[in-house]
Amino acid sequence: MSIKNFLPNGMPIGKLFAKTKRREQIMTITKKQNGTTLEIALEGRLDTTTSPELEKELDDVLDGVEELIMDFSNLEYISSAGLRVLLSVHKALHNKGRMKVVNPNEIVREVFEVTGFDNILTIE
């Protein structure tokens, strides 16, 4: 046995790598606009890796939007980076219209509750 193949706690390096290896982060954004109402459906994870993509998409389409519906039916997870995007969009629409989040799963709903976002956003 070579010392290079094991960590100090005796765990083989290969096993540690397999446990910490992160899967690819993917999020799909689907947009539907009907007049001044825009529906954005997210699928996957809204986190540090994917939130800039959502922020850019929203920056490009918010002009003229009076109602934004964020459909989280297929959103698996949201991080603080995703919450930041939601808060900035909520602020941007504050005087022009309204925003609501619909169909969040239990994990996402819990993040909203723990962070107090359930008191800031309209969640259905």
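The values are calculated or read from the model by the stated rules, or taken from the named source; none is laboratory data. Predicted model only: the values in this text are computed from it and were never measured. Positions of Cβ are backbone-derived with ideal geometry, glycine not excepted, and every protein chain shown enters the neighbour counts.
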*Find the residue count for the stretch 25-39, including only residues that are part of a strand (DSSP E or B), more than 18 Å from the chain's Cα centre (by Cα) and in contact (Cβ under 8 Å) with a residue 12 or more places away in the chain.*
2
_exposed (fewer than 14 other Cβ atoms within 10 Å of the Cβ) and without any contact (Cβ under 8 Å) to a residue 24 or more places away in the chain: is that true of D60 in this structure?_
yes
*Quick check: is even one residue across the stretch 88-108 part of a strand (DSSP E or B), polar (S, T, N, Q) and either at pLDDT below 95 or under 11 Å from the mean Cα position of the chain (by Cα) (or both)?*
no
*Positions within the stretch 53-87 being assigned to a loop (DSSP other than H, G, I, E, B) and not aliphatic (A, V, I, L, M), in sequence order*: D63, G64, E66, S79
